[in-house]
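Report on the structure given below.
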């Protein structure tokens with residue numbers, strides 16, 4: 001049999017596998033079981049269609065002359081996979097657009113004013129002149145306005161070819177801390193976390209910054225989860241395209257055309 005296709009269960013979802021026993025080419029498409037509701041329904045439909053397609057691939061390989069197997073598999077792609085693939089693609093694009101908008105909003109910077117512009121300027125100057133260990137320390141200790149200055153000045157935007165680019169872990173640290181502060185500021189959650197008087201400081205007042213950031217972490221975690229789901233969904237579609245290319249003996253561009261009609 002020139003082709004073998006099957007579905008395998010795993011603790012985290014189902015894996016579709018197609019193998020060409022003639023060429024040794026293979027492809028795997030992983031249908032995770034943790035997609036959010038906006039994606040899980042169309043992906044479940046695509047997975048069911050993929051399972052049906054696998055059955056057709058096996059039947060064609062067992063019953064048809066090898067010279068016509070590819071042709072019949074291509075017809076099966078159009079009849080079985082095209083519609084659910086398109087529905088999943090559309091859902092993923094919509095999900096990605098919402099996610100991208102949320103990411104832009106999370107990294108947006110309110111225009112400076114007379115009171116905070118000096119704070120931002122000093123932060124940028126100090127950051128530019130600091131060595132890497134000091135940059136890391138500054139990012140851990142920076143205030144909202146100091147981080148806003150760094151974001152506004154593009155300190156976290158590593159341009160290819162730039163001398164001494166900021167390491168990825170420091171870029172992530174700076175962006176994450178800024179998004180926490182920014183989310184807290186936009187939602188006004190500071191009002192929900194006042195400092196409470198204690199035995200050591202019975203007249204204490206102000207904002208419990210640690211509690212605010214802990215609360216804001218939930219929003220950041222949700223945004224990161226959206227980004228992860230979008231990446232996993234995009235990878236799934238790429239893997240389905242590769243599986244079709246193996247099953248139909250076509251390149252990935254032609255496989256994509258079979259799946260989308262474009």
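Taken together, the values in this text are just the output of simple stated rules run on the coordinates, not laboratory data. These numbers come from a predicted model, not from an experiment. FYI the Cβ positions are ideal-geometry reconstructions off the backbone, even for glycines, and counts take in every protein chain you see.
Figures for the structure shown
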read-out: R0 of 45 Å, Cβ-Cβ distance residue 251-residue 164: FRET efficiency to nearest 0.05; value: 0.65
read-out: Chain lengthening between residue 12 and residue 201 when straightened (0.36 nm per residue, less Cα-Cα); value: 63.1 nm
read-out: Net lengthening on full extension, residue 30/residue 108 (0.36 nm per residue, minus Cα-Cα); value: 24.6 nm
read-out: Between helix 132-141 and the chain: long-axis angle, C-alpha atoms, 0 to 90°, nearest 10; value: 80
read-out: Label selected from (i) 27, 20, 19; (ii) 45, 22, 16; (iii) 52, 21, 15, the criterion being semi-axes √(5λ) of the Cα gyration tensor in Å as computed here; value: (iii)
read-out: Estimated FRET transfer efficiency when R0 is 25 angstrom, pair residue 260-residue 59 (beta carbons, to 0.05); value: 0.50
read-out: Likely footprinting exposure, 104, 119, fewest C-beta neighbours within 10 Å first; value: 104, 119
read-out: Value of relative contact order over the chain, rounded to a whole percent, pairs C-alpha under 8 Å and six or more apart; value: 23
read-out: Cα centroid of the stretch 53-68 to Cα centroid of the stretch 1-24, whole Å; value: 14
read-out: Angle between the chain longest axis and helix 82-106 axis [Cα atoms, degrees, rounded to 10]; value: 10
read-out: Per-residue Cβ neighbour rank within 10 angstrom, fewest leading, 212, 171; value: 171, 212
read-out: The stretch 117-227 - percent relative contact order, Cα under 8 Å, separation 6 or more; value: 21
read-out: Principal-axis tilt of helix 66-76 within the chain, Cα atoms, nearest 10 degrees; value: 50
read-out: Sequence of 21, 198 once ranked by neighbouring C-beta atoms within 10 Å, starting from the fewest; value: 198, 21
